[in-house]
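Single-structure report; data block below.
The values are calculated or read from the model by the stated rules, or taken from the named source; none is laboratory data. Because the structure is predicted, anything quoted here is derived from the model rather than measured. So basically every Cβ, Gly included, is an ideal-geometry build from the backbone, and we count neighbours across all protein chains shown. The area values use the complete protein model at the heavy-atom level, side chains included, leaving out ligands, DNA and RNA. Shrake-Rupley method; radii C 1.70, N 1.55, O 1.52, S 1.80 Å.
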Amino acid sequence: MLGIEKNEADILGEIFPPAKYAEVSQNPALKDRYVTASQLNTNYMTMNFNIKPFDDIRVRRAVNMAINKQRLVQVLNNRGTVTGQILPPAMGGFDAKYRGYPYDPDKAKALLKEAGQGDGFTTELYFQNVDPWPRMAQSIQQDLAAIGIKAELRGLDLAAFIGTASKLDGAPMTVTEWYADFPDPSNFYAPILSCGAAVEGGYNWSFYCNKDIEARARSADAITDPARAQERLDTWRDIMADIMDNDAAWVPLFNPNRYSLRSERLKGDPSLFRDIIAQPFSFDAVWVE
């Protein structure tokens, strides 16, 4: 599912302004009822391979190194975890040791110079025109300006945003997110990174297509024997690392966290309220007093 609806963190931000949010999350009286959990979600930036200079991997690597992700998360009241990889922590195949590209503006400038873009260039960054996307885009705009890239901001309504981003030469860059349709790493490849999705009207907004990766992805999906489940996840882990290391297809930004406040009347093991991924939910293990 394209992650452009409001997530739980966005909704909580509307119900509780930042000051109230901090009060609730840090209130000792609520600590047993205030729940923070991971989601199958990654926020990221795309760079359109069809639009120069993003066809140059040195430019894509430079953009990866230019973004101050920690500051970006702070802009969002710290409601997320910085990441350098495609898969979210709650997804099988996530590599806890993988760091991706470091925040290094000086190295980013050097890469731009090596790519013949030492004087910088002007581009466009597209995003939804509802909170928190404009705040995110502004933070990213400042980071890009620091290495000589002037990104003109283009905030659009949902339909226009999708329509522009899904055109072959529509959006040089976008900031967006992806929620998994089901808890398997293949769902972070087939719809948004595969060659089959790199078409007009698709959701692969980088228009990234690597035939070798495509073949490896098909092989990974062909591993269906439960006894080889870990092998399948390890294969996907390596594929995702190579997509970033060798092609810099995205700029992974952060993984939003899920926040909820459990009613005092709702009882049961606290772990049940943190896990929104496992199905079916254990309704027989919770109750209302």
**OP:** Would you mention how many residues in region 188-208 are without any contact (Cβ under 8 Å) to a residue 40 or more places away in the chain and among the polar types (S, T, N, Q)?
**Re:** 2
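State yes or no: is LYS211 touching a Cys at 6+ places or on another chain (Cβ under 8 Å) and either without any contact (Cβ under 8 Å) to a residue 40 or more places away in the chain or surrounded by fewer than 20 Cβ atoms within 10 Å (Cβ to Cβ) (or both)? Quick ask: steps written out before the conclusion?
Working: touching a Cys at 6+ places or on another chain (Cβ under 8 Å): yes; either without any contact (Cβ under 8 Å) to a residue 40 or more places away in the chain or surrounded by fewer than 20 Cβ atoms within 10 Å (Cβ to Cβ) (or both): yes.
Spelling it out, LYS211 is indeed touching a Cys at 6+ places or on another chain (Cβ under 8 Å) and either without any contact (Cβ under 8 Å) to a residue 40 or more places away in the chain or surrounded by fewer than 20 Cβ atoms within 10 Å (Cβ to Cβ) (or both).
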Original post:
Could you count how many residues in region 33-58 are under 30 Å from LEU266 (Cα atoms), open to solvent by 20 Å² or more (accessible area, probe 1.4 Å) and β-branched (Val, Ile, Thr)?
Top reply: 1
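Could you please let me know if LEU261 is in contact (Cβ under 8 Å) with a residue 40 or more places away in the chain, surrounded by 14 or more Cβ atoms within 10 Å (Cβ to Cβ), more than 19 Å from PHE94 (Cβ to Cβ) and in contact with a Lys or Arg (Cβ under 8 Å, 6 or more places away or on another chain)?
On the way: in contact (Cβ under 8 Å) with a residue 40 or more places away in the chain: yes; surrounded by 14 or more Cβ atoms within 10 Å (Cβ to Cβ): yes; more than 19 Å from PHE94 (Cβ to Cβ): yes; in contact with a Lys or Arg (Cβ under 8 Å, 6 or more places away or on another chain): yes.
Against the criterion (in contact (Cβ under 8 Å) with a residue 40 or more places away in the chain, surrounded by 14 or more Cβ atoms within 10 Å (Cβ to Cβ), more than 19 Å from PHE94 (Cβ to Cβ) and in contact with a Lys or Arg (Cβ under 8 Å, 6 or more places away or on another chain)), LEU261 qualifies.
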Subject >> Positions within region 82-121 being of a type in the set (Ser, Thr, Tyr), under 21 Å from ASP184 (Cβ atoms) and in contact with a strand residue (DSSP E or B) (Cβ under 9 Å, 6 or more places away or on another chain), in sequence order >> reply: THR83
Subject >> region 190-242, residues that are closer than 25 Å to ARG61 by Cβ, among the hydroxyl-bearing types (Ser, Thr, Tyr) and part of a helix (DSSP H, G or I) >> reply: THR235
Subject >> Unmet criterion (only one of (1) at pLDDT below 95; (2) within 28 Å of ASP234 (Cα to Cα)) for TYR203 >> reply: (1)
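Restricting to region 120-138, name every residue that is touching a Lys or Arg at 6+ places or on another chain (Cβ under 6 Å) and open to solvent by 30 Å² or more (accessible area, probe 1.4 Å). If you could, list the steps in order and put the result at the bottom.
Restricting attention to region 120-138, the residues satisfying the condition of being touching a Lys or Arg at 6+ places or on another chain (Cβ under 6 Å) are 122, 124, 126.
Across region 120-138, the qualifying residues are THR122, GLU124.
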Original post:
Of all residues in region 210-242, which are in contact with a Leu (Cβ under 6 Å, 6 or more places away or on another chain) and over 17 Å from CYS195 (Cβ atoms)?
Top reply: none
**OP:** Please state which of the following conditions PRO252 fails to meet, knowing it meets all the rest: (1) touching a residue at least 24 places away in the same chain (Cβ under 8 Å); (2) assigned to a loop (DSSP other than H, G, I, E, B); (3) of a type outside the set (A, V, I, L, M, F, W, C).
**Re:** (2)
Original post:
Does ARG61 satisfy being open to solvent by 10 Å² or more (accessible area, probe 1.4 Å), under 18 Å from the mean Cα position of the chain (by Cα) and more than 28 Å from ASP131 (Cβ to Cβ)?
Top reply: yes
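Quick check on my filter: what residues within region 171-183 are open to solvent by 10 Å² or more (accessible area, probe 1.4 Å) and at pLDDT 95 or above? Show your work before the answer.
We begin by selecting, within region 171-183, every residue open to solvent by 10 Å² or more (accessible area, probe 1.4 Å); these are 172, 179-183.
Once the filter is applied, which keeps residues that are open to solvent by 10 Å² or more (accessible area, probe 1.4 Å) and at pLDDT 95 or above, region 171-183 yields only PRO172.
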**OP:** Return yes when ASP284 is under 30 Å from MET136 (Cβ atoms) and either open to solvent by 20 Å² or more (accessible area, probe 1.4 Å) or not charged (D, E, K, R) (or both) and no when it is not.
**Re:** no
Original post:
How many residues does region 139-163 contain that are open to solvent by less than 30 Å² (accessible area, probe 1.4 Å), β-branched (Val, Ile, Thr) and more than 23 Å from ASN77 (Cβ to Cβ)?
Top reply: 2
Original post:
Just a yes or no: is a residue in region 99-112 surrounded by fewer than 20 Cβ atoms within 10 Å (Cβ to Cβ), under 16 Å from the mean Cα position of the chain (by Cα), more than 30 Å from LEU156 (Cβ to Cβ) and not hydroxyl-bearing (Ser, Thr, Tyr)?
Top reply: yes
